[in-house]
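The structure under discussion appears below in the form of structure tokens.
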Amino acid sequence: MKIIIFFILLLSSLHATTITVAVAANIGYAMKDLTTAFYKDHPDLHVKVIIGSSGKLSAQIQHNAPYDLFLSANVGYPQKLYEHGYTINKPVIYAKGKLILFSKKERNFDDGLLTLLHKDIIKIAIANPKTAPYGVAAKEALLNAGLYTKLLPKFVYGESIAQTMLYALRATDIGIVAKSAVFTPTMKHFQKNKNWIEVSTKYYDPIPQAMVILKHASNKKSVFEFYTFLLSPKAQRIFEHFGYVQGDK
């Protein structure tokens, strides 16, 4: 009987439809909750998540990577893909990301961004503005605060916001990272105002994050179902739980 059940499950998995989603690193933190919620209404579908920097994922798509859906950390990359005929729709904003200052060591954040000038801060993790939209936003914030040039020698660059978070945890004194990072189960013990504070949005605009359906998925109904789900109130509540602003705000 157990052998029969095993083969039934095996056959079911073979027939399950797989949706391959290229996901910007910062959204990777929320994907488990998003896919779990999606599976409740679509148990016959499977979402395969490929995580990387938006720039690298975009380059892979242009070299025919077999992705169905692209969730970028900004609007620029999917817009270019749309303009060059790689997508079947215009970019749609699904969420807006925010920045925080994060320190694994508890510290006084009363000075806000000026905390970065404290003498005990020797290395600062920041996403590379050339490859990561969160790096562009961090640079914008520091420029507007008049700190960028002063801090330039201290920067340790991550190629994605996920790598930047890793540097902030292991290799630097502080980091400018995605707010979404501190809402993961492994990070929840870090406390607001002790380990992290939000970077004021007077210094930068929350990062509009856009998605597109790629031509590879033109005939896959399942991809449209997942795309629609990501814009649903249920998914938007999950995005908010992970520190994002809803896409339509």
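The values are calculated or read from the model by the stated rules, or taken from the named source; none is laboratory data. For clarity, every value in this text was computed on a predicted model and none was experimentally measured. Neighbour counts run over all protein chains shown; Cβ positions are idealised from the backbone, glycine included.
General observations
- Number of the condition not met by PHE239 [criteria: (1) touching a strand residue (DSSP E or B) at 6+ places or on another chain (Cβ under 9 Å); (2) in the same structural domain as ARG107 (by TED's automatic domain parsing); (3) not charged (D, E, K, R)]: (2)
- The selection criterion, being of a type outside the set (Lys, Arg), at pLDDT below 95, farther than 22 Å from ILE122 by Cα and in contact with a Phe, Trp or Tyr (Cβ under 9 Å, 6 or more places away or on another chain), does not hold for PHE229.
- Pairs meeting the criteria (first residue in region 96-121 and more than 22 Å from PHE242 (Cα to Cα) and in contact (Cβ under 8 Å) with a residue 40 or more places away in the chain, second residue among the acidic types (Asp, Glu) and buried (at least 18 other Cβ atoms within 10 Å of the Cβ), beta carbons under 6 Å, at least 6 apart or on different chains) are ILE121/ASP173.
- Matching option when the condition is in contact with a helix residue (DSSP H, G or I) (Cβ under 9 Å, 6 or more places away or on another chain), on the phi > 0 side of the Ramachandran plot and not assigned by TED's automatic domain parsing to the domain that holds LYS192, among ASN74, ASN64, ASN89: ASN64
- Every condition in (1) farther than 21 Å from LYS192 by Cα; (2) part of a strand (DSSP E or B) is met by PRO129 except one, and the failing one is (2).
Residues are listed down the side, and each one gets a yes or a no for (1) under 18 Å from THR36 (Cα atoms); (2) free of Cβ contacts under 8 Å to residues at least 40 places away in the same chain; (3) surrounded by fewer than 16 Cβ atoms within 10 Å (Cβ to Cβ):
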| position | (1), (2), (3) |
| --- | --- |
| TRP196 | no, no, no |
| ASP205 | no, no, yes |
| VAL212 | no, no, no |
| SER222 | yes, no, no |
| THR228 | yes, yes, yes |
| PRO233 | yes, yes, yes |
| ILE238 | yes, no, no |
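- Residues that are at pLDDT 95 or above, surrounded by 16 or more Cβ atoms within 10 Å (Cβ to Cβ) and in a helix (DSSP H, G or I) within region 38-56 comprise just one, PHE38.
- Among strands (runs of 3 or more DSSP E) entirely within region 132-249, having at least 1 residues that are polar (S, T, N, Q) and closer than 18 Å to ILE27 by Cα singles out 207-213.
The rows are residues; the columns are (1) surrounded by 16 or more Cβ atoms within 10 Å (Cβ to Cβ); (2) of a type in the set (Asp, Glu); (3) at negative phi.
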| site | (1), (2), (3) |
| --- | --- |
| LYS105 | no, no, yes |
| ASP120 | no, yes, yes |
| ALA168 | yes, no, yes |
| LYS192 | no, no, yes |
